[in-house]
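Step one of this worksheet: look at the structure below.
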């Protein structure tokens, strides 16, 4: 990669990081009695930007998907769920949903 491409890559990474912060702020704002569509927009953008940032730093979409599945499985096997108050049934539903996409 030449210097110009390296600089473009760094700039894009920085824009993605700023975008993540902006969408997180938008989500917090939307969660305060705003229309559901604003919440969906912020959440979907956060997920998208996470995937794009991961890809830009060399983590494929597929690898990130696998890591998410493994993270959920780990949460189901540890006490971390109780610490955060995440219902195990919700994570099981998430895994089922993700598996249905693979079929």
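Report the Cα centroid-to-centroid distance between segment 38-70 and segment 5-28 in angstrom, as an integer.
Between the Cα centres of segment 38-70 and segment 5-28 lies a distance of 13 Å.
Going by alpha carbons, how many degrees (0 to 90, nearest 10) lie between the helix axis of 88-102 and the longest principal axis of the chain?
60
Can you give me the angle between helix 61-77 and the longest principal axis of the chain, using Cα atoms only, in degrees from 0 to 90, rounded to the nearest 10?
Here the helix axis deviates by roughly 30 degrees.
Kindly rank 2-13, 41-52 from highest to lowest mean number of other beta carbons found within 10 Å of each residue.
Top of the packing list down: 41-52, 2-13.
How long, wide and thick is segment 1-59, going by the Cα atoms along their three principal axes, in whole angstroms, largest first?
48, 17, 11
Rule-of-thumb check for segment 60-103: C-alpha Rg over 2.2 N^0.38 Å?
Working it through for segment 60-103, the quotient is 1.19.
Helix 36-56: angle to the longest alpha-carbon principal axis of the chain, degrees 0 to 90, nearest 10?
Relative to the chain, helix 36-56 is tipped by roughly 60 degrees.
Throughout, read-outs are computed from the coordinates displayed, never taken from laboratory work. Fair warning: this is a prediction, and the values are worked out from it, not measured in the lab. All Cβ positions, glycine included, derive from the backbone under ideal geometry; neighbour counts span all protein chains shown.
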